Amino acid sequence: MSSSFKTFLKHTAKDFHNQSVNPPVVRASTIIFKSMQELRKTQAKALKQPTGGHYDYGRQGTSTTYILQRILTKLEESYHVFTTPTGFGAVFLAIFSVTRPGDEIIAVDPIYSPTRLLTENYLKEFNIKTLFYNPHDLNTLKKNITKKTKLIFVENPGSNTFDFQDLTKIISIAKKNKILTVIDNTWGTPYFFKPIKLGFDMSIVSATKYYSGHSDVMGGSLAVNKKVYNRVKIAEKMTGLRLGPDDAYLITRGLRTLDVRLDRHSENAKLVSKFLVKFKNIKLLYPYKKKSYNYKMWKKFYSGASGLMGLIIKSKNKGSIKKFVNSLKLFGHGYSWGGFESLALHQELGETGKRKFLKLKKDEHLVRLHIGLEDPSDLIADIKQALKHIK
Ligand SMILES: *Cc1c(COP(=O)(O)O)cnc(C)c1O
């Protein structure tokens, strides 16, 4: 019987051996076999059928990590999914797999700031150069292509400023120039958008965010197509960047309700954005304005929008913006997002990296909100009382 992905998420990974609805957490370094012949047979199978879940040592994973990889491979509709100890581990693995000294990377300007530090600063020491493009002007991408360009690193939407891009155009530019592509798809997850199906070679998701959904575990995933599979497989083996079974279990547990949670995050964020657009001093960074380029580029690729949004607030009084954020009672102040709870951050420009194309004016301030699963009318009332502090 074929069933939808929503049904698959609820019914997969049942453990009939132990008669439990959830899989066991299999912790292992040593995997034992009945005989040397059996050990060798498993090794041969692992080589011949690399995505088949055959293990001879705990570093390769156990049945618990394999179950998570299997669920994610189905969700991504990809050739394979590698799981890493953090989302940033997946960023590193993607880049490390396909670039070598002398190569060049072109990355989107509004990139996750640790990814910017890795590409622009750290990789320079390995003679890998990174150039940046404007997400709303792909000529800046084309102009940066040289014979050395190996990888285009996309993040969609762009970090903090939520710029949606023409992804088909980026893929076609890359293919024409025989350049590999990777996208950081943490904001939308493959529940709303499937990058490998569109033509990306690799796709990153921080499992710390919506996959886990409960702010109690870290992890990452890197989905790949067949073309790059072998290169990533070798790099994964060499770096030992693999997720442990306890974390894999928690992420699998979170995934059971990914669809339900994301649908609700989306609904709540829509209600909050409807409230926020009424304020003239606030520019909302969320796909809502039907005629805008961001909305069109979101609509073209995504079946939904998640709970993370930005606000550019105009004010000559920076202290009052901080007061606004600090006065929110239902929004916690801290990093990460994607959990069940609402969060708010006032973002200093330094944190958004050394941007070349997208800068804020002196009287513009950036606030990031993660809209959680609380009652949206409570969230709106909370924002309403806090907004009174803005001067
Ligand atoms: C959080 C995040 C990461 C890194 O994930 P961790 O699990 O925190 O290491 C990468 N990219 C984006 C867009 C993120 O939001």
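The values are calculated or read from the model by the stated rules, or taken from the named source; none is laboratory data. Bear in mind the structure is a predicted one, so any value in this text is a computation, not a measurement. Glycine gets a Cβ as well: all are built from the backbone with ideal geometry, and neighbour counts include every protein chain shown. Ligands, DNA and RNA are stripped out before the accessible areas are found, and what is left, the full protein with its side chains, is counted by its heavy atoms. Shrake-Rupley method; radii C 1.70, N 1.55, O 1.52, S 1.80 Å.
Free of Cβ contacts under 8 Å to residues at least 24 places away in the same chain and either surrounded by 14 or more Cβ atoms within 10 Å (Cβ to Cβ) or on the phi > 0 side of the Ramachandran plot (or both): which single residue out of Gln19, Gln37 fits that description?
Values: Gln37 fails: either surrounded by 14 or more Cβ atoms within 10 Å (Cβ to Cβ) or on the phi > 0 side of the Ramachandran plot (or both).
After applying the criteria, what remains is Gln19.
Within the range 258-280, count every residue that is open to solvent by less than 50 Å² (accessible area, probe 1.4 Å) and either out of contact with any strand residue (DSSP E or B) (no Cβ under 9 Å at 6 or more places or on another chain) or polar (S, T, N, Q) (or both). Give the steps one after another, and end with the answer.
Just the residues of the range 258-280 that are open to solvent by less than 50 Å² (accessible area, probe 1.4 Å), to begin with: 258-259, 261-262, 265-266, 268-269, 272-273, 275-276.
Subset that is either out of contact with any strand residue (DSSP E or B) (no Cβ under 9 Å at 6 or more places or on another chain) or polar (S, T, N, Q) (or both): 258-259, 261-262, 266, 268, 273, 275.
Here the count works out to 8.
Check whether at least one residue in the range 307-315 is more than 16 Å from the ligand (Cβ to nearest atom) and out of contact with any helix residue (DSSP H, G or I) (no Cβ under 9 Å at 6 or more places or on another chain), and report yes or no.
Going residue by residue through the range 307-315, those that are more than 16 Å from the ligand (Cβ to nearest atom) are 311-315.
Of the ones still in play, those that are also out of contact with any helix residue (DSSP H, G or I) (no Cβ under 9 Å at 6 or more places or on another chain) are 312, 314.
Checked the range 307-315: at least one residue is more than 16 Å from the ligand (Cβ to nearest atom) and out of contact with any helix residue (DSSP H, G or I) (no Cβ under 9 Å at 6 or more places or on another chain).
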Residues in the range 149-168 that are more than 12 Å from the ligand (Cβ to nearest atom) and either of a type in the set (Phe, Trp, Tyr) or in the same structural domain as Leu345 (by TED's automatic domain parsing) (or both) total 1
Of the conditions (1) of a type outside the set (D, E, K, R); (2) touching a residue at least 12 places away in the same chain (Cβ under 8 Å); (3) assigned to a helix (DSSP H, G or I); (4) surrounded by fewer than 15 Cβ atoms within 10 Å (Cβ to Cβ), the single one that Gly319 does not satisfy is (2)
When every residue in the range 246-282 that is among the basic types (Lys, Arg) and in a helix (DSSP H, G or I) is compared, the one farthest from His346 (Cα to Cα) is Arg253
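Can you tell me which residue within the range 109-148, out of those that are within 15 Å of the ligand (Cβ to nearest atom) and in a loop (DSSP other than H, G, I, E, B), is surrounded by the most Cβ atoms within 10 Å (Cβ to Cβ)?
To start, the set of residues in the range 109-148 that are within 15 Å of the ligand (Cβ to nearest atom) comprises 109-119, 135.
If we keep only those that are in a loop (DSSP other than H, G, I, E, B) too, we end up with 109-112, 135.
Numbers: Asp109: 25, Pro110: 26, Ile111: 27, Tyr112: 22, Pro135: 29.
Here the answer is Pro135.
Can you find even one residue in the range 169-176 that is more than 16 Å from the ligand (Cβ to nearest atom), open to solvent by 30 Å² or more (accessible area, probe 1.4 Å), in contact with a Ser or Thr (Cβ under 9 Å, 6 or more places away or on another chain) and without any contact (Cβ under 8 Å) to a residue 60 or more places away in the chain? Outline the logic, then answer.
So in the range 169-176, the residues more than 16 Å from the ligand (Cβ to nearest atom) come out as 169-176.
Okay, now just the ones that are also open to solvent by 30 Å² or more (accessible area, probe 1.4 Å), so 169, 172, 175-176.
Among the residues that remain, those that are also in contact with a Ser or Thr (Cβ under 9 Å, 6 or more places away or on another chain) are: 175.
Still in the list and also without any contact (Cβ under 8 Å) to a residue 60 or more places away in the chain: 175.
Looking for residues that are more than 16 Å from the ligand (Cβ to nearest atom), open to solvent by 30 Å² or more (accessible area, probe 1.4 Å), in contact with a Ser or Thr (Cβ under 9 Å, 6 or more places away or on another chain) and without any contact (Cβ under 8 Å) to a residue 60 or more places away in the chain, one finds at least one in the range 169-176, hence yes.
Going through the range 47-72 one residue at a time, which ones are polar (S, T, N, Q), outside any loop (DSSP other than H, G, I, E, B) and open to solvent by less than 30 Å² (accessible area, probe 1.4 Å)?
Of all residues in the range 47-72, those polar (S, T, N, Q) come to 49, 51, 60, 62-65, 69.
Still in the running and outside any loop (DSSP other than H, G, I, E, B): 60, 63-65, 69.
Thr64, Thr65, Gln69 - these are the residues of the range 47-72 that are polar (S, T, N, Q), outside any loop (DSSP other than H, G, I, E, B) and open to solvent by less than 30 Å² (accessible area, probe 1.4 Å).
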> Being within 12 Å of the ligand (Cβ to nearest atom) and touching a Phe, Trp or Tyr at 6+ places or on another chain (Cβ under 8 Å), is that true of even one residue in the range 191-204?
Replying inline: no
In the set Gly244, Gly240, Gly254, the lone residue that is of a type in the set (Gly, Ala, Ser) and at positive phi is Gly240
From the option list Tyr335, Tyr288, Tyr295, single residue qualifying as assigned to a helix (DSSP H, G or I), within 29 Å of Leu167 (Cα to Cα) and not assigned by TED's automatic domain parsing to the domain that holds Ala28 is Tyr295
Considering the range 327-364, residues that are more than 16 Å from the ligand (Cβ to nearest atom), in contact (Cβ under 8 Å) with a residue 24 or more places away in the chain and open to solvent by 50 Å² or more (accessible area, probe 1.4 Å), and then whichever is farthest from the chain's Cα centre (by Cα), we arrive at Lys329
